[in-house]
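Heads up: the structure comes next, in structure tokens.
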Amino acid sequence: MVTRLGFLGVIARAFMWAFLIALAVVVLYPLLWMALNGFKTNAELFGDPFALPADWSFENYAKAWNRGVSDYLTTSVLVTVTSTITTVFVSAWAAYGLTRVNIPFGKGVSAAILGGLMLAPTVALVPLVKMFQAMGLYNSFWALLILYTAFRIPFTTFLIRAYMIDLPREVDEAAEVDGAGRWTAFWRIILPMCKPIITSTVMLHILFTWNEYLFAMVFTSGTGVQTLPVGLTSLMSKHGTEFPVVFAGMSIAALPVVLLFFLGQRHIVKGLSDGIGK
Amino acid sequence: MRRALGLAWVVPALALVGVFVYLPLVQNFGFSTLKWDIYSGGQEFVGLGNYLRLPRDPVFWTSLVNNVLYAAVSIVFQVFGALVLAALIESIRSDRWRRSLRAIYFIPSAISLTVAGLLFYFIYEPSIGPLNHALRAVGLGGLAEAWLGQESTAMGAIIAMSQWQGFGYSTLLFAVAIQRIPSEIYGAALIDGTGPVRRFFSVTVPLVREMTGLMTMVTISGGFQVFNEVMVMTSGGPDNSTQVLGTWLYRSGFVRNDFGYAAAIATVIFVITMAIAVGQLWVARRRRVEW
């Protein structure tokens, strides 16, 4: 093919590569700048923004960690782990009921659960605050666990359901011959077969919870219940003059999800593309 | 009876979605007819009063215009731009380069909008931000601005950040859609001697049109649900010039203690996003692309 490229083709290729590389620099440079600023002193930060830090000390990272980031991170990890478990299991049960069990009003139930996909969380905000205040769960870990589970069930069920539908019927028949009840069939046979899509949904749920801001901001205040996205804005308002500490906190918050993306890229891409148009 | 037992599988999901997603939605309509002070607990029925206040509220119109602008710019960069970019990436023969570029462009979408928003708050910052430094360094110092501090540039600056954050996500999805086009079709086009530009318009664009339709709907819907980046970068300022419906709802209710009015704004967001969702269903149901 290269031989068929004329002179114009070569020029076009060169422009394309220049553009793609330039775009990669535009994406990566701000992130690099963020991580580097975590190593600078305040004086350096107000100097040349493109200079490298003179001294590579983790002091700002340690300061950020001790001034709340360790608490925010702990809360984020806790909310992420628990809500991932509740969301994925409740959704997998629902997907099983919708695809392998002949339940009454199946179509209606399906529409009711998946219809939740269309609703914007902002719309429910005011009533939810009143509801959680009445339940005494406002400003608690439980508020986030419940909201992250309830609002992600439609999407997660949608993905798992689409996968379960394609599993062959013979699987269930074989389970019945073995005398396994529905409960055993779900845990021992169907759920293990769904491992690829479960992995995708787990990763997408982690990305969502780790980064969620609207509910976290409205439903929590004060260290101990704040997750990283809200905690970072607190760090900013409390230590707004010590910018390098804020940059260090931002880098600490970003690192886990960037790593997760590189480790689980294949699963995340599959989940995202199935989620939008299957 | 045995059939009814099967419902046990779906009850947890139905209950959670019913109580925490649907019920608040219904309650919101009720709240939007009240004049409601959440601290004193005082409630007074005002009928459609809150809705009648909307058209007379200049900040409501600013918010709506900002949401539309947000959605429009995002369509240009995150739908059309992303489609072209995905086609360019997929035309590279080295699998390693294709994968690396897709992954690099996606990184900003993996980190939170809070981190991205704070990061660009600093990038736009007049004294330490690299943007103004860079402009001065190349002799364009006259273009240096207090990007987030003045009404004329603040909204544009926020929208620009959001394009940086989101284009890799849609590029990745378009790349997947392009990979699903059978290679024989491209092979046939190559034998016909069709050039790359014509190949893009006569093969790629028509065969990924379903994804284009879905991405357009998702992008518009996202444009009307903006909240995080505006809160982090400007909180709606200066002088309410960067308010969007989500932040104006928040400010009306949680800051100005006018929860009935906030609920009325929520209804507007509901109507708009619902209309888009119905459009999305319609796009998805249309005859699938066949080859």
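Every read-out reported here was derived from the displayed coordinates using simple, explicitly stated rules and does not represent laboratory data. The structure presented is a predicted model; accordingly, all values stated were derived computationally and were not measured. Cβ placement follows ideal geometry from the backbone for every residue including glycine, while neighbour counts extend to all protein chains displayed.
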key: Mean shadow area of the range B:102-186, taken as a quarter of the surface of its Cα convex hull (nm²)   = 7.8
inquiry  = Using the Cα centre of the range A:67-277 as the reference point, and only Cβ charges (+1 on K/R, -1 on D/E), how large is the resulting charge dipole? Debye, rounded to the nearest 20.
reply    = 220
ask   = Considering only DSSP states other than H, G, I, E and B, which trypsin sites (Lys or Arg not before Pro) in the range B:32-114 qualify as loop sites with at most 16 other Cβ atoms within 10 Å?
value = B:Arg93
request  = State the Kirkwood hydrodynamic radius of the range B:102-244 in Å, one decimal place, computed from all pairs of distinct Cα atoms.
outcome  = 17.8
ask   = lysines within cross-link reach of A:Lys195: Cα-Cα under 27 Å, excluding same-chain residues under 8 positions apart?
value = A:Lys107, A:Lys270, A:Lys278
query = Which trypsin sites (Lys or Arg not before Pro) in the range B:159-259 pass both tests, a DSSP loop state and at most 14 other beta-carbon atoms within 10 Å?
reply = B:Arg180, B:Arg256
key: Percent of Cα-Cα distances greater than 26 Å, calculated over the range A:111-239   = 41
inquiry  = Give the lysines reachable from A:Lys40 as a straight Cα distance under 30 Å; neighbours fewer than 8 places away on the same chain don't count.
reply    = A:Lys63, A:Lys238
Against the rule of thumb 2.2 N^0.38 Å, how large the Cα Rg of the range B:1-66 comes out = 1.77
query = Taking only DSSP H segments of four or more residues, each worth -39500 (n - 2.57), what value at 222 nm results for chain A once the sum is divided by all its residues, to the nearest 500 deg cm²/dmol?
reply = -24000 deg cm²/dmol
request  = Measure nothing but the geometry: give the 0 to 90° angle between the long axis through the Cα atoms of A:70-100 and the longest principal axis through the Cα atoms of chain A, rounded to 10°.
outcome  = 30
query = FRET efficiency for A:Ala43 and B:Val138, Cβ-Cβ distance as r, R0 = 25 Å, nearest 0.05?
reply = 0.45
query = How big is the gap, in Å, between the Cα center of the range A:143-204 and the Cα center of the range A:108-124?
reply = 20
note = The alpha-carbon pair-distance distribution computed for the range A:1-155, with 5 angstrom bins and whole-percent values, is 1, 7, 9, 9, 9, 9, 9, 10, 10, 9, 8, 5, 2, 1, 0
ask   = So what is Rg over Rh here for chain B, counting just Cα atoms and using Kirkwood for Rh?
value = 1.05
request  = Please compute the net charge surrounding A:Gln265, taking Lys and Arg as +1 and Asp and Glu as -1 over other residues with Cβ under 10 Å from its Cβ.
outcome  = +4
note = the range B:14-142, convex hull of Cα, quarter of hull surface, nm² -> 15.8
remark   = Of all chymotrypsin sites (Phe, Trp or Tyr not before Pro) in the range B:1-72, the ones in DSSP coil with at most 15 other Cβ atoms within 10 Å are B:Tyr39
ask   = Relative contact order (percent) for chain B, with alpha-carbon contacts under 8 angstrom and 6 or more residues of separation?
value = 29
task = Just the Kirkwood number for chain A, please: inverse of mean 1/r across all distinct Cα pairs, in Å, one decimal.
result = 22.2
ask   = With the calculation restricted to Cα positions, what are the radius of gyration and Dmax of the range A:87-175 in angstrom?
value = 16.0, 50
request  = Quick one: what are the phi-derived ³J(HN,Hα) couplings along the range B:159-171, Karplus 6.51/-1.76/1.60 with θ = phi - 60°, whole Hz, x for glycine and proline?
outcome  = 4, 4, 4, 5, 5, 4, 6, x, 5, x, 5, 6, 4
query = Distance from the Cα centre of the range B:4-64 to that of the range B:232-277, in angstrom?
reply = 13
remark   = Given a Förster distance of 60 Å, the FRET efficiency implied by the Cβ-Cβ spacing of A:Thr241 and A:Ile165, rounded to the nearest 0.05, works out to 0.60
request  = Taking DSSP loops as anything outside H, G, I, E and B, show the longest stretch in chain A free of chymotrypsin sites (Phe, Trp or Tyr not before Pro) there with at most 12 other beta carbons within 10 Å.
outcome  = A:106-278
Euclidean distance between Cα centres, the range B:164-212 to the range A:209-275, Å = 34
query = Cα gyration tensor of the range A:5-84, axes a ≥ b ≥ c as square roots of the eigenvalues: rounded (a/c below 1.5), prolate (a/b > b/c) or oblate?
reply = oblate
Bins of 10 Å from zero: percent of alpha-carbon pairs in the protein assembly as shown = 3, 15, 25, 26, 18, 9, 2, 0
task = Report, ordered by chain and residue number, the aspartates and glutamates lying within cross-link reach of A:Lys130, taken as a straight Cα distance under 19 Å and ignoring same-chain residues fewer than 8 apart.
result = B:Asp37, B:Glu44, B:Asp258
query = Using only helices, what value at 222 nm comes out for chain B when you add -39,500 (n - 2.57) per DSSP H run of length 4 or more and divide by the total residues, to the nearest 500 deg cm²/dmol?
reply = -19500 deg cm²/dmol
